[in-house]
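As structure tokens, the structure follows; a few thoughts come after it.
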Amino acid sequence: MDQFKTRVSGLVTQFQTYGEPLEQKIVVQNILQCLTKKFAMVVTAIEEAKDLSKFTLEELNGSLLSHEVRVTQEEELLTNAFNTQASLHRGRGRGG
């Protein structure tokens, strides 16, 4: 997510350098449209709950990072639970 934010910031700066300022609203909307399915739930929540004309890039970045952390934690919990379950069944052989 940090690399994505850096790339977007760089593009916005380039547009401004060439005399074409971009409204944050446009940038935010474009970012929301290009996110992967992993972010579908958070995109929907943002579009429904926030006034996108006032929603800043920093607010968007915070929301996306928060979602990414939550998803990563859930994936780790599931992996750990699966590994624990698998290790419990490994020691059981025939007639044991």
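Any read-out appearing in this document is the output of simple, stated calculations on the displayed coordinates, not a laboratory observation. Note that the coordinates shown come from a computational prediction; the quantities given were computed from them, not determined experimentally. For neighbour counting, all protein chains shown are included, and Cβ atoms are generated from backbone atoms with ideal geometry for every residue, glycine included.
Here are some notes:
- Within this structure, residue 75 passes the test of being surrounded by 10 or more Cβ atoms within 10 Å (Cβ to Cβ) and either out of contact with any helix residue (DSSP H, G or I) (no Cβ under 9 Å at 6 or more places or on another chain) or closer than 17 Å to residue 4 by Cα (or both).
- Annotation note: of 22, 35, the sole residue that is closer than 14 Å to residue 1 by Cβ and in contact with a helix residue (DSSP H, G or I) (Cβ under 8 Å, 6 or more places away or on another chain) is 35.
- Count - residues of segment 53-95 that are free of Cβ contacts under 8 Å to residues at least 60 places away in the same chain and touching a Leu at 6+ places or on another chain (Cβ under 8 Å): 1
- Look at segment 7-31: where a residue is more than 18 Å from residue 65 (Cβ to Cβ) and a partner is loosely packed, with under 11 Cβ neighbours inside 10 Å and among the polar types (S, T, N, Q), sitting 6+ places away or on another chain with Cβ atoms under 8 Å, you get 25/53.
- Hits in segment 44-57 (condition: over 13 Å from the mean Cα position of the chain (by Cα) and not hydroxyl-bearing (Ser, Thr, Tyr)): 47, 48, 49, 50, 51, 52, 54, 55, 57
- Every residue from segment 38-59 that is within 18 Å of residue 70 (Cα to Cα), surrounded by fewer than 14 Cβ atoms within 10 Å (Cβ to Cβ) and either in contact with a strand residue (DSSP E or B) (Cβ under 7 Å, 6 or more places away or on another chain) or not aliphatic (A, V, I, L, M) (or both): 38, 44
- Top-ranked residue in segment 1-21 [being surrounded by 15 or more Cβ atoms within 10 Å (Cβ to Cβ) and of a type outside the set (D, E, K, R); ranked as farthest from the chain's Cα centre (by Cα)]: 12
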